[in-house]
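Asks: Could you have a look at this structure, given as structure tokens, before my questions?
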Amino acid sequence: MRLLLLNHIENAVESLRSNRTRTGLTTLGVTIGIASITMILALSGGATKIVTNQVEELGGNIAVVRPGETKPPNQIENITSPQSNAYATSTLTERDVDTIRGVPNVQAVAPLMVVSGSVRSGDQSPAASTVVATTPDLQTIVNFPIRDGQFIDTTTNIDTAVVGSQLSVDLFGTDSSIGKTFQIRGKTFTVIGILKPLNKPINYNNVDFDHAAIINLESGKSFNQGIAQLQQIDVKATETDKLPGVISTMRQTFDKTHNGEADTTILSGEDLSRPTSQYFYAIAATMTAVAAISLFVGGIGIMNIMLVSVAERTREIGIRKALGASNGHITFQFLIESLAMSIGGGISGYILGYLFAFTLSRSLLTFDPLFSWEIAAVTLGVSAVVGTLFGLYPAIRASRKDPIEALRQYH
Amino acid sequence: MNNAVDPTTPVIALHGLTKRYGIGDAEHTVLDGVDLTIKKGEFIAIMGPSGCGKTTLLNILGLLDRSNGGDYKLNGKSVDSLSSAAHARIRSDQVGFVFQNFNLVPRLNVIENVALPLTYRGVRKTKRLQAASKMLATFHLSEREYYMPWQLSGGQTQRVAIARALVNDPSIVLADEPTGNLDSRSSHVIMEELSDIHKRGNTIIMVTHNPSLTTYASRVITMLDGRIDTDTKDPRAPINQIDTTKRRLDSHSEPTKTEEKAKKVSKKSTKTKSKSTRKGTKK
């Protein structure tokens, strides 16, 4: 059989062009479906990427100790951040930090204490800011990129702070704010260092350091009657293969020091990110299923219009058959027409989806949508499948028309 | 095309062709054992009352329909057992249709309509349009190339349809009441065109209700109740013997002169045609 692909494409374009409104509306159905799928995949992909990035960041030799009993690693509740327990009494204390320091093969230990209270400079008081009290060891573990100045250390005054780049801009209107002062709960702090923009709102420390002010643990304790309220302890082992040993030693030690109470959780590697990424996957899957319904509706729209088109052009089908078109030619002609609509809808939906995703991520979210060839392939593939699936029945129906009957039709 | 190689092979040979519609009590025999041999270069007019099976016969000859029994040989090859795709291929390569209601595709303009049969032979767009343009020029329709079908008069439309039927250089042209929707003046123009292409060596089979049009034909067949009732020529008789009684109705030309002309022209065009077909097979 002569395939005549080029001819069919010409023909399809011609016939779709002659019914612009109808074609446009039908394509819109697919466009909306594909746009929502693209948007969901791009955004959830972007979110998941942040989560998986933290695993890479951990470098395989970092463990995290959190208050609260150990939960099965697959539960979605695990992602509930310690910040939400800020006012509950943490089971982690400075004593635990000292205990971990005593464990062999530990290179660095950094306690994290999130201080409640607003940050203020003049009349500027950014709402999204966080105050984290920690020790200089945090720099050894996280290795923050410093834009200007230095990280907190033991020799500096306790009333000094390192601020995130966004917080600096929010407070002072500039990101070079070395030496400027601001207030935390009425107490004045001097900026000694500014971090580079990290753009990692989701990380294993559960602190968006772009919006954070990092102060010394001693300063943090002064806000809490001299008692440390630790939300998390970061532990770094000397080498990657030493980490399991460090973790089991810590478990045993905590069992003794916490009087046999299982009130701490030690997480490392994928355990840290798995609940979070599973959470995103679950949301993405649910939303994709919903978007698939709209795509299905779009597909039905294509089938509907193709059936109308076949009925309208019955006589043309008869003429074409009389002039030498085989059933295959007619099937292809109509199939390519529906494919043109669905793939056209797919491409415009892909573009529209990313436009929506960027609008959303710029206005509401803190991360960028993910660009990957998988998303492009999925949307293109899905739209091609929709076009074939919903175009096949009308096309076969068209090709099965008896030429004599078809020629007899008037319209 | 076999007839170019062996001129004695008839273009169409039918033996005991039958066609029935319906099942059981509702069964209705439309063609009841039709025997017919058509040679290359004949212009056949099929007459008969409504429902005698003329159109059905034409549809079977054009492979739009299948017979229930009997044998149909096109250019010496039996086509009954072929698949519908093979039938489509034969329609594309060897059959040209002219319809009573013209059947141009309304969405396409004149030149695209004429080029349409070439699409299914896989001819590229530019070549297609060139061939169509050439064909339209022979029908003096060059100025109408980019008109849409509804912008043409009935006679013009039918001439476009004839141009379309001829563009793929078919071995048979099938015309189902080509003048049925036209006034008598346009009818005669169309018949002149048909007899012109007949003179160029084409085989034409035409169904008509109008007895005056049979004068253009070289052979007249009347059908009755699915059978051939009368045939102006025994299939074995020489081609150019024409029933002179019918000739009287031809008001346009002297019968003997046209006949001689027709002979000459058809001889000439047979030569040119065989050349062109050889070219065609090379492609």
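Asks: Output the residue which, of all residues in the stretch B:140-155 that are open to solvent by 50 Å² or more (accessible area, probe 1.4 Å) and part of a helix (DSSP H, G or I), is nearest to B:ASN101 (Cα to Cα). Lay out the reasoning, then the answer.
Replies: Our first condition is that a residue be open to solvent by 50 Å² or more (accessible area, probe 1.4 Å); within the stretch B:140-155, this holds for B:140, B:142-144, B:146-147, B:150-151, B:153.
After this cut, where a residue has to be part of a helix (DSSP H, G or I) as well, the list is B:142-144, B:150-151.
Values: B:SER142: 22, B:GLU143: 23, B:ARG144: 19, B:TRP150: 12, B:GLN151: 15 Å.
The selected residue is B:TRP150.
Asks: May I ask you to list pairs of residues, at least six apart or on different chains, whose Cβ atoms are under 7 Å apart, with the first in the stretch A:374-396 being in contact (Cβ under 8 Å) with a residue 12 or more places away in the chain and the second being open to solvent by 70 Å² or more (accessible area, probe 1.4 Å) and of a type outside the set (Ser, Thr, Tyr)?
Replies: Between residues of the stretch A:374-396 that are in contact (Cβ under 8 Å) with a residue 12 or more places away in the chain and residues that are open to solvent by 70 Å² or more (accessible area, probe 1.4 Å) and of a type outside the set (Ser, Thr, Tyr), the close pairs are A:PHE390/A:ILE300.
Asks: So which helices (runs of 4 or more DSSP H) are wholly in the stretch A:318-411 and hold at least 2 residues that are of a type in the set (Ser, Thr, Tyr)?
Replies: Result: A:327-363, A:373-399.
Asks: Still on this structure, please answer the following. Out of the residues in the stretch B:156-175 meeting the condition of being out of contact with any Ser or Thr (no Cβ under 6 Å at 6 or more places or on another chain) and part of a strand (DSSP E or B), tell me which one is surrounded by the most Cβ atoms within 10 Å (Cβ to Cβ).
Replies: Looking at the filtered set, the residue picked out is B:ALA175.
Asks: Would you mind telling me which numbered condition in (1) in the same structural domain as A:LEU389 (by TED's automatic domain parsing); (2) of a type outside the set (A, V, I, L, M); (3) in contact with a strand residue (DSSP E or B) (Cβ under 6 Å, 6 or more places away or on another chain) A:THR238 fails?
Replies: Going through (1) in the same structural domain as A:LEU389 (by TED's automatic domain parsing); (2) of a type outside the set (A, V, I, L, M); (3) in contact with a strand residue (DSSP E or B) (Cβ under 6 Å, 6 or more places away or on another chain) one by one, A:THR238 breaks only (1).
Asks: Please work out if B:SER184 is more than 17 Å from A:LEU407 (Cα to Cα), of a type in the set (Ser, Thr, Tyr) and open to solvent by 20 Å² or more (accessible area, probe 1.4 Å).
Replies: Yes; evaluated as a whole, the condition is true for this residue.
Asks: Run B:ARG66 past the list (1) at negative phi; (2) surrounded by 18 or more Cβ atoms within 10 Å (Cβ to Cβ); (3) more than 9 Å from chain A (Cβ to nearest Cβ); (4) in a loop (DSSP other than H, G, I, E, B) and report the number of the one that doesn't hold.
Replies: Against the list (1) at negative phi; (2) surrounded by 18 or more Cβ atoms within 10 Å (Cβ to Cβ); (3) more than 9 Å from chain A (Cβ to nearest Cβ); (4) in a loop (DSSP other than H, G, I, E, B), B:ARG66 comes up short only on (2).
Asks: How do the strands (runs of 3 or more DSSP E) wholly within the stretch A:126-212 filter down when requiring 3 or more residues that are in contact with an Asp or Glu (Cβ under 9 Å, 6 or more places away or on another chain) and open to solvent by less than 30 Å² (accessible area, probe 1.4 Å): which remain? Before you say what the answer is, go through the steps one by one.
Replies: Details: elements: A:130-134, A:146-149, A:160-163, A:181-184, A:187-195.
Filter on the stretch A:126-212 gives A:130-134, A:187-195.
Asks: Check A:THR366 against each of (1) within 14 Å of chain B (Cβ to nearest Cβ); (2) touching a Pro at 6+ places or on another chain (Cβ under 6 Å); (3) open to solvent by 10 Å² or more (accessible area, probe 1.4 Å) and name the one condition it does not meet.
Replies: A:THR366 satisfies every listed condition except (1).
Asks: Return the residues of the stretch B:76-99 that are more than 10 Å from every other protein chain (Cβ to nearest Cβ), in a loop (DSSP other than H, G, I, E, B) and in contact (Cβ under 8 Å) with a residue 60 or more places away in the chain; say none if nothing qualifies.
Replies: B:GLY76
Asks: Next up: Search the stretch B:196-210 for residues being more than 17 Å from B:LYS39 (Cβ to Cβ) and in contact with a strand residue (DSSP E or B) (Cβ under 7 Å, 6 or more places away or on another chain), and hand back the single one that is modelled with the highest pLDDT.
Replies: B:VAL207
Residues are listed down the side, and each one gets a yes or a no for (1) within 14 Å of chain B (Cβ to nearest Cβ); (2) open to solvent by 30 Å² or more (accessible area, probe 1.4 Å); (3) without any contact (Cβ under 8 Å) to a residue 60 or more places away in the chain:
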position	(1), (2), (3)
A:ALA282	no, yes, no
A:HIS329	yes, no, no
A:TYR350	no, yes, no
A:GLY353	no, no, no
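Asks: On to the next question. I'd like the full set of residues that are in contact with a Phe, Trp or Tyr (Cβ under 9 Å, 6 or more places away or on another chain), open to solvent by less than 60 Å² (accessible area, probe 1.4 Å) and more than 10 Å from chain B (Cβ to nearest Cβ), limited to the stretch A:1-30.
Replies: Selection gives A:ALA12 alone.
Asks: Suppose the filter is part of a helix (DSSP H, G or I) and either small (Gly, Ala, Ser) or open to solvent by 60 Å² or more (accessible area, probe 1.4 Å) (or both); does B:GLN130 pass it? Show your work before the answer.
Replies: Working: part of a helix (DSSP H, G or I): yes; either small (Gly, Ala, Ser) or open to solvent by 60 Å² or more (accessible area, probe 1.4 Å) (or both): yes.
For B:GLN130, the condition - part of a helix (DSSP H, G or I) and either small (Gly, Ala, Ser) or open to solvent by 60 Å² or more (accessible area, probe 1.4 Å) (or both) - is met.
Asks: When only residues in the stretch B:100-124 that are under 19 Å from A:ARG315 (Cβ atoms) and within 7 Å of chain A (Cβ to nearest Cβ) count, which is surrounded by the most Cβ atoms within 10 Å (Cβ to Cβ)?
Replies: B:PRO117
Asks: Mind listing whichever residues of the stretch A:207-237 are β-branched (Val, Ile, Thr) and modelled with pLDDT under 85?
Replies: A:VAL207, A:ILE227
Asks: Could I ask something else about it? Keeping to the stretch A:143-155, report how many residues are without any contact (Cβ under 8 Å) to a residue 60 or more places away in the chain and more than 11 Å from A:VAL191 (Cα to Cα).
Replies: Within the stretch A:143-155, residues that are without any contact (Cβ under 8 Å) to a residue 60 or more places away in the chain and more than 11 Å from A:VAL191 (Cα to Cα) number 7.
Asks: Considering only residues that are open to solvent by less than 60 Å² (accessible area, probe 1.4 Å) and among the aliphatic types (A, V, I, L, M), look in the stretch A:369-395 and name the one that is nearest to the other protein chains (Cβ to nearest Cβ).
Replies: A:ALA395
Asks: While we're here: Would you point out the residue of the stretch B:223-240, among those that are in contact with a Cys (Cβ under 8 Å, 6 or more places away or on another chain) and crowded, with 18+ Cβ neighbours inside 10 Å, that is modelled with the highest pLDDT?
Replies: B:MET223
Asks: Within the stretch B:32-40, is even one residue of a type outside the set (A, V, I, L, M, F, W, C), within 9 Å of chain A (Cβ to nearest Cβ), on the phi < 0 side of the Ramachandran plot and outside any loop (DSSP other than H, G, I, E, B)? It would help to see each step written out before you state the result.
Replies: Filtering the stretch B:32-40 down to residues of a type outside the set (A, V, I, L, M, F, W, C) leaves B:32-33, B:35, B:37, B:39-40.
Next, only the ones that are within 9 Å of chain A (Cβ to nearest Cβ) stay: none.
The answer is no, given that none of the residues of the stretch B:32-40 is of a type outside the set (A, V, I, L, M, F, W, C), within 9 Å of chain A (Cβ to nearest Cβ), on the phi < 0 side of the Ramachandran plot and outside any loop (DSSP other than H, G, I, E, B).
Asks: Quick check on my filter: what residues within the stretch B:204-214 are among the hydroxyl-bearing types (Ser, Thr, Tyr) and surrounded by fewer than 22 Cβ atoms within 10 Å (Cβ to Cβ)? Step through it out loud before you land on a result.
Replies: Quick first cut of the stretch B:204-214, residues among the hydroxyl-bearing types (Ser, Thr, Tyr) only: B:208, B:212, B:214.
Matches in the stretch B:204-214: B:SER212 only.
Asks: Looking at A:VAL297, A:VAL308 in this structure, which one is in contact with a Gly (Cβ under 7 Å, 6 or more places away or on another chain), in a helix (DSSP H, G or I), assigned by TED's automatic domain parsing to the domain that holds A:ALA395 and surrounded by fewer than 17 Cβ atoms within 10 Å (Cβ to Cβ)?
Replies: On the way: A:VAL308 fails: in contact with a Gly (Cβ under 7 Å, 6 or more places away or on another chain).
Answer to the check: A:VAL297.
The values are calculated or read from the model by the stated rules, or taken from the named source; none is laboratory data. A quick note: this is a predicted structure, and the numbers were derived from the prediction, not measured. Please note: Cβ atoms are built from the backbone with ideal geometry, for glycine as well, and neighbour counts cover all protein chains shown. These area figures cover heavy atoms from the full protein model, side chains too; ligands, DNA and RNA do not enter into them. Shrake-Rupley method; radii C 1.70, N 1.55, O 1.52, S 1.80 Å.
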